[in-house]
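Data block below; observations after.
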Amino acid sequence: MMTTPRQDRPRLAVATIVHHEHEALLGQVDGLAMSTWPPDLHVVLSVSDRELTRNRLPIRSDRWETRVPRLQMPGGTRPWEHEALVRAMDAAADSDAEVLVFMAVDSIPAPGLLQAYAEQAGDVQGTPPTVLEAQVVALAPPGPLGYPVSSELETWATTEDRGADSRPGPTPASFGLLTRHWDQVRDSWRELAQDGRAAVTPAAAAMAGAGSSRQLRGAVVYRQHPAAATARYMHGRGDQLIDESDGTDSVSA
C-alpha cells in the first residue's frame, strides 16, 4: 500500500496515559509502527511510573517524536484518570498537530486507524466541535509472545459485540478530533464532571457543547485483554516482563 507523504497530510498527535501497564504500552507502540499513517507525535503521560519516566522502556521510534510528560499520582482515593487524560491531550495539543487522537494504554490501532481519523477529521472542518469514535474490537488474552500487530491481529478478536466502547473503565478506548476543537470539548467535559458525571465521555461533552459525535468509518481499535496490563517492563532484565498480578515473571519478546 502506498502511503501519503507527510507533507501532504495533516500532522497528527496521539496521546495516552500510563501507570505501569508496560506490556500493553509496548503492544500499542508496535501497532503505531504498523500504521499506514504513523503519528507525528506520541505523548505518553507517565503517572507516577518510574521506569517510564526514566526512559527505560523501548517506546521511541525514528518515525515520530515521543514526549513523556509527568503527573504525580494524587493522594487519597479520588479518581485521577480524567485529569490525566486532559493533561495528556493538552500536551498533545501544545504542538503543531492538526488532529488529536487519544488511545487508552490497552488499545492497539488497526493499521488504517490513524489515517481514518486524520482524513475524516478533515470532513468536519468549519463545523461545531465533533468527536470521532472508533469501532472497538475486544481481544482474547495474549499469547506468551504478546499480540501480533500485523493483519493477524483480527484473528485474536473475541465474539463480543463490536461497535461503541462498552467495557466499563475510566477512559475510552480511543477518540479523535481536530486540535482546534479540543479546548471547547475539554471545558464542556470538565463542567459535566463537576456535576457528578465523572464517567461522561468526550463525545457526550461535545454534544453538551452544541457539538456532535460520529462513528469513525472503515477502521477499528483493538482493546487488549485485561491480562495484558498486568506486566511491567524491567530494564536490565532482557525482554522479561514482570507480571504484577501474582509476582511471577513472564517472558515476552
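Given the condition open to solvent by 10 Å² or more (accessible area, probe 1.4 Å), of a type in the set (S, T, N, Q) and free of Cβ contacts under 8 Å to residues at least 12 places away in the same chain, answer yes or no: does some residue in the stretch 82-96 qualify? No, there is no match, as no residue in the stretch 82-96 is open to solvent by 10 Å² or more (accessible area, probe 1.4 Å), of a type in the set (S, T, N, Q) and free of Cβ contacts under 8 Å to residues at least 12 places away in the same chain. Here Ala164 qualifies as modelled with pLDDT under 75, closer than 26 Å to Leu12 by Cβ, of a type in the set (A, V, I, L, M) and touching a strand residue (DSSP E or B) at 6+ places or on another chain (Cβ under 7 Å).
Is it the case that some residue within the stretch 192-202 is small (Gly, Ala, Ser), at pLDDT below 55 and open to solvent by 70 Å² or more (accessible area, probe 1.4 Å)? No, every residue in the stretch 192-202 fails to be small (Gly, Ala, Ser), at pLDDT below 55 and open to solvent by 70 Å² or more (accessible area, probe 1.4 Å). Every listed requirement among (1) among the acidic types (Asp, Glu); (2) open to solvent by less than 80 Å² (accessible area, probe 1.4 Å); (3) modelled with pLDDT under 75 is met by Asp187 save one, (3). Restricting Ala121, Ala116 to residues that are touching a Lys or Arg at 6+ places or on another chain (Cβ under 8 Å) and open to solvent by less than 20 Å² (accessible area, probe 1.4 Å) narrows the list to Ala116. If you go through the stretch 110-131 and keep only what is touching a helix residue (DSSP H, G or I) at 6+ places or on another chain (Cβ under 6 Å) and either of a type in the set (A, V, I, L, M, F, W, C) or at positive phi (or both), you end up with just Val131.
Filtering the stretch 88-112 to residues that are within 12 Å of the chain's Cα centre (by Cα) and of a type in the set (Ser, Thr, Tyr) leaves only Ser107. Pro128 fulfils the conditions (1) surrounded by fewer than 17 Cβ atoms within 10 Å (Cβ to Cβ); (2) assigned to a helix (DSSP H, G or I); (3) modelled with pLDDT of 80 or more except for a single criterion, (2).
The values are calculated or read from the model by the stated rules, or taken from the named source; none is laboratory data. Computed from a predicted structure; not experimentally measured. Positions of Cβ are backbone-derived with ideal geometry, glycine not excepted, and every protein chain shown enters the neighbour counts. Ligands, DNA and RNA are stripped out before the accessible areas are found, and what is left, the full protein with its side chains, is counted by its heavy atoms. Shrake-Rupley method; radii C 1.70, N 1.55, O 1.52, S 1.80 Å.
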